[in-house]
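What follows is a single structure, written as structure tokens, with notes after it.
The values are calculated or read from the model by the stated rules, or taken from the named source; none is laboratory data. Nothing here was measured: the structure is a model prediction, and the numbers come from that model. Neighbour counts run over all protein chains shown; Cβ positions are idealised from the backbone, glycine included. Just so you know, the surface numbers come from the protein's heavy atoms only, side chains and all, with ligands and any DNA or RNA stripped out. Shrake-Rupley method; radii C 1.70, N 1.55, O 1.52, S 1.80 Å.
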Amino acid sequence: FVLDALGARWAVDLGADNYNLPGYFGGQRWNYYRLRAEGHNTLVINPGADPGQDPKAATQIIRYESKPERAFAIADLTQAYAKQARSVRRGVALLDRRRVLVQDEVQADQPAEIWWFMHTPAQVKLEDEATAILTQGDARLWARILSPAGARFAVREAEPLPSSPHPEKQASNAKTRKLAIQLRDSQEARLTVLLAPLPAGET
């Protein structure tokens, strides 16, 4: 997902890398960070050398509703994560047309390591383990983990995980950081994050 509010983009897509990188349109394509699941605002389950999602997967929006006070969509992402989980669904809701709720539901056959990522150009300050304030100029965004209990935010560089490929000459993502959540040994997880723009003077 990408997210715009208060005249700023809070969740960004890094875009393409250099087309001339070795194997960019061939066998090394999914080694490059910007093309892998971990380089996007999505989930990574049991990270390793694979792309993080099945590039050939076909996923669907399975439910959608739009009303003046609330809108949401739910995507069944199971095919994209079929090697890692039995069922993966992501829902995104607009609450009062001004707050955003992102909820992921994962069911795995075995305890899994689950990462949640959001790439941002904003400055990030952790208020506590489950709350962050993102700032761009005078604009602010409040982020809060609603579930599961005990989950915590971390601020990471926009770079590959230790278990991922790390080819040379990739583009630098130095101006971007990641708001990240890591769940360990999770066989059934509901990961819910609320993102609320804070207009000037609002707490």
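Okay, here's what the table says:
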| quantity | calculated |
| --- | --- |
| The range 125-203, relative contact order [Cα under 8 Å, separation at least 6], % | 38 percent |
| Formal net charge of residues neighbouring Glu105 (Cβ-Cβ distance under 13 Å; K, R +1; D, E -1) | +2 |
| Nearest-10 value in Å² for the accessible area of Trp30, using the 1.4 Å probe | 90 Å² |
| Surface accessible to a 1.4 Å probe, per residue, for the residues of the range 48-130, Å² | 57 Å² |
| Theoretical gain in end-to-end length, Ala57 to Lys125 [0.36 nm per residue, Cα-Cα removed] | 20.9 nm |
| Listed residue (Ala58, Leu43, Leu183) projecting farthest to the positive dipole end of the chain, Cβ model | Ala58 |
| Share of carbon and sulfur in the accessible heavy-atom surface of the chain [1.4 Å probe, %] | 48 percent |
| Whichever aspartates and glutamates have a C-alpha closer than 14 Å to that of Lys83, once near sequence neighbours (fewer than 8 apart) are set aside | Asp50, Asp54, Asp109, Glu113 |
| Burial ranking of peptide ranges 79-88, 182-191 (average Cβ count within 10 Å, highest at the top) | 79-88, 182-191 |
| Eligible lysines near Lys169 by straight Cα distance, threshold 21 Å, same-chain separation 8 or greater | Lys178 |
| Relative contact order (%) - criterion: Cα under 8 Å, at least six apart; region: the range 1-45 | 32 percent |
| Separation of the Ser147 and Arg97 label points, Cα + 7 Å toward Cβ, nm | 2.8 nm |
| Per-peptide average of other Cβ atoms within 10 Å, ordering 41-50, 3-12 highest first | 41-50, 3-12 |
| Values of log10 I(q)/I(0), in the order q = 0.28 Å⁻¹, for the range 137-191 under a Debye, Cα-only, solvent-free model | -1.21 |
| Value of relative contact order over the range 1-141, rounded to a whole percent, pairs C-alpha under 8 Å and six or more apart | 21 percent |
| Computed FRET value (nearest 0.05) for Asn20 with Thr135, which takes r as the C-beta separation and R₀ as 25 Å | 0.10 |
| Estimated distance in nm for a label pair at Arg70 and Arg156, the labels positioned 7 Å out from Cα along Cα-to-Cβ | 3.2 nm |
| Efficiency of FRET between Thr203 and His166 - r from beta-carbon atoms, R0 41 angstrom, step 0.05 | 0.50 |
